[in-house]
Structures are given as structure tokens and as C-alpha cells.
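Asks: Please read through the structure below; I'll follow up with questions.
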Amino acid sequence: GPALKQLATLNIPVIFNSSKTYAELSALAQQLQVHHPFIVENGSAIFIPQHYFKKSSAQILMDAQRQDDFLVITIGQDIEQLNVFLNRIKPVAINFCHCPLEQAMELTGLTKAQTLLAQNRQFSVPLVFQDTHQEEAFTRQAEQAGLGCLKGGRFLHLLGQCDKGVSMNVLRDLYQTTCQQHFGIIALGDGLNDLAMLEQADIAVLVKSPSSAELIALHPQFITTQQQAPQGWAEGVQAALEKTTINGGVQHG
């Protein structure tokens with residue numbers, strides 16, 4: 001919308017930093033004509049258009065994998081490793097990646113096409129536990145195995161040791177070393193899984209949501225919006241731009 005056009009005019013890269021998959025975010029980026037890096041599956045990996053940092057000799061880019069027209073920097077764990085752990089522990093939970101399509105659609109409220117994109121995961125497995133004690137025990141076992149668990153809505157996401165804040169900083173460093181200048185970050189988020197990203201940002205915008213009151217208690221320095229998404233995103237961008245003259249990326253939870 002107008003907010004994206006305004007950011008493009010100001011030459012501010014818009015970085016999607018989401019729990020969504022590569023399949024979901026690459027489709028969204030194409031639809032919105034946003035041709036910048038994006039971060040998938042709660043900080044698990046950074047996808048960078050192949051010739052984006054042309055002048056960079058950064059080792060992290062040299063070591064990156066390739067997928068379609070992107071370089072992929074993995075911060076989390078490949079799903080194969082997560083599946084090895086799940087096959088060993090066998091938690092009593094619904095596995096979003098393996099459950100029937102109808103059940104996955106019901107859990108997310110997504111259409112069939114959207115659900116297939118959401119199930120196409122590379123770095124994380126969303127699980128639904130009925131029993132909180134079992135969920136807590138599973139979380140402890142995952143952490144002992146060097147993995148992470150992140151609560152988002154009704155899902156517990158099993159993933160590597162990563163979060164949206166860590167990946168955001170890796171990407172900021174890439175911009176800074178390539179462009180030889182400081183980049184400030186405006187981050188917008190509306191969920192508990194956005195906290196790490198919001199804490200790392202120079203300007204943090206909390207978009208109104210059912211969980212925003214809980215987030216304000218954890219980190220009171222937010223700019224807060226009156227409106228929920230989607231209008232709240234545009235309102236948040238506006239408020240942040242009024243507060244700043246920084247160059248930099250806009251992270252979008």
C-alpha cells in the first residue's frame with residue numbers, strides 16, 4: 001500500500017521477518033513488489049536475492065546455500081535434524097507438517113493453497129499440545145538437545161537456537177559492511193514472537209493486537225498504534241518515520 005511506496009521513495013529497504021515459510025514470503029514479496037532480503041520461520045534463515053549485495057566479499061555470503069534465485073544463510077536448524085529429534089521423543093501432539101490438510105486448515109484458518117505453502121517448512125515444526133505439562137516437558141527436552149521452542153498462538157514451534165532479533169542483526173551487519181555506513185532499524189511487530197526483534201531495534205513499533213498488552217509490560221519503550229493490522233502497520237510506519245531521520249531497514253514481524 002501507500003506505506004510501502006513511501007518507504008521505497010525514501011530508499012528504506014523493507015525486510016519481512018516472519019514465522020512464515022520461504023514459500024509464503026517469496027509469494028508475498030513478489031505480490032507486493034518488495035525485492036529485498038527476508039527472514040523466515042522465526043529467524044531460522046535469511047533469504048537474500050542473489051545479486052543483492054554485489055560488492056560484498058562477506059564470508060557469510062560465500063558460505064551461503066542457494067535456493068532458486070536466493071542465497072540462504074541458515075541461523076537455525078534444518079528440518080531433518082528436528083525430525084530426528086521428534087522421531088526419538090514422539091511427543092503427544094499434532095504435527096502441523098504431517099497432519100491431514102483439513103486439520104491443518106482448521107488449525108490456521110487458511111485456505112487450501114495457503115495451508116500448503118505454510119506446511120512447506122524447512123527449519124521449524126509447529127506442534128499443538130493438548131496437555132500443558134507435556135508441552136513443558138517437551139520444551140525442556142528440546143532445550144537439552146540444543147534446540148529451541150517458541151510459543152506463537154496455539155502452536156509451539158520447534159526450531160533451532162535462533163530468533164527474529166539474532167537474524168535481524170546478522171542482516172544489519174551485512175548491510176553495514178557492504179555499504180560502509182550505519183543502518184538503524186525500525187521494527188514493527190504485534191506478537192510475543194516479535195519481542196526479540198523489537199528489543200534489538202532502534203525504534204520499536206508495537207501494532208495493537210490481542211497480545212500487545214502483555215508485550216507492553218515486557219518492554220515499555222514501544223511506539224504503540226491505535227489500530228490493529230492491517231491499518232496498524234501503516235499507522236506504525238508513519239509514527240516511526242516522524243520520530244526518525246535514520247537510514248535503515250524496516251523490519252516487519
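The values are calculated or read from the model by the stated rules, or taken from the named source; none is laboratory data. What you see is a predicted model; the values in this text were computed from it and never measured. Positions of Cβ are backbone-derived with ideal geometry, glycine not excepted, and every protein chain shown enters the neighbour counts. Accessible surface areas use protein heavy atoms only, side chains included; no ligands, DNA or RNA. Shrake-Rupley method; radii C 1.70, N 1.55, O 1.52, S 1.80 Å.
Asks: Under the 0.36 nm per residue contour assumption, what length would be gained going from the current alpha-carbon distance of Glu143 and Gln181 to full extension?
Replies: Values: separation 38, 0.36 × 38 = 13.68 nm, distance 3.71 nm.
The span from Glu143 to Gln181 would gain 10.0 nm if fully extended.
Asks: Oh, and also: Please give the calculated 222 nm ellipticity per residue for the chain, where each DSSP H segment of at least 4 residues contributes -39500 (n - 2.57) and the sum is spread over every residue; nearest 500 deg cm²/dmol? Provide the component values of the computation, followed by the final result.
Replies: Working: 11 runs with 105 residues, N = 253.
Dividing the helical sum by the residues of the chain leaves -12000 deg cm²/dmol.
Asks: Further question on the same structure: Averaged per residue, what accessible area in Å² does the stretch 97-253 show with a 1.4 Å probe, protein chains only?
Replies: Accessible surface, normalised per residue, equals 49 Å².
Asks: Within straight cross-link reach of Lys90, meaning Cα distance under 16 Å, which lysines are found once same-chain residues fewer than 8 apart are removed?
Replies: Here the lysines satisfying the reach criterion relative to Lys90 do not exist.
Asks: What trypsin sites (Lys or Arg not before Pro) in the stretch 43-97 are in a loop by DSSP, with at most 12 other Cβ atoms within 10 Å of the Cβ?
Replies: For trypsin sites (Lys or Arg not before Pro) across the stretch 43-97 that sit outside H, G, I, E and B with at most 12 neighbouring Cβ atoms in 10 Å, the list reads Lys54, Lys55.
Asks: Mean separation of Cα pairs under 8 Å and 6+ residues apart, divided by the residue count of the chain: what relative contact order is that in percent?
Replies: 20 percent
Asks: Have a look at Asn17, Asn83, Asn193 and tell me which one the Gaussian network model of the chain (Cα, springs below 10 Å) gives the largest fluctuation.
Replies: Taking springs between Cα atoms under 10 Å, the residue moving most is Asn83.
Asks: Another question about this same structure. Mind sorting out which of (1) 17.3; (2) 16.5; (3) 13.8 is the real mean projected area of the Cα convex hull in nm² computed from the coordinates?
Replies: Read-out taken from this structure: (3).
Asks: My understanding is that a pair violates if its Cα-Cα distance is over 23 Å; which of Lys5/Lys164; Lys20/Lys164; Lys112/Lys164; Lys5/Lys55; Lys20/Lys151 do that in this structure?
Replies: Lys5/Lys164; Lys112/Lys164; Lys5/Lys55
Asks: If the cut-off is a Cα-Cα distance under 20 Å, which aspartates and glutamates reach Lys54, setting aside same-chain residues fewer than 8 apart in sequence?
Replies: Straight-distance partners of Lys54: Asp63, Asp68, Asp69, Asp173.
Asks: Here is a follow-up. Relative contact order of the stretch 128-196, please, whole-number percent, based on alpha carbon pairs below 8 angstrom and at least 6 residues apart.
Replies: With pairs under 8 Å counted, the relative contact order is 26 percent.
Asks: Roughly how many Å² of Thr111 are accessible to a 1.4 Å probe, to the nearest 10?
Replies: Counting only protein heavy atoms, the figure is 70 Å².
Asks: I've got another one for you. Report the one residue of Leu10, His35, Gln59 whose Cα lies farthest in the direction of the positive end of the charge dipole of the stretch 1-69 (charges on C-beta: Lys and Arg +1, Asp and Glu -1; origin at the Cα centre).
Replies: Farthest towards the positive pole: Leu10.
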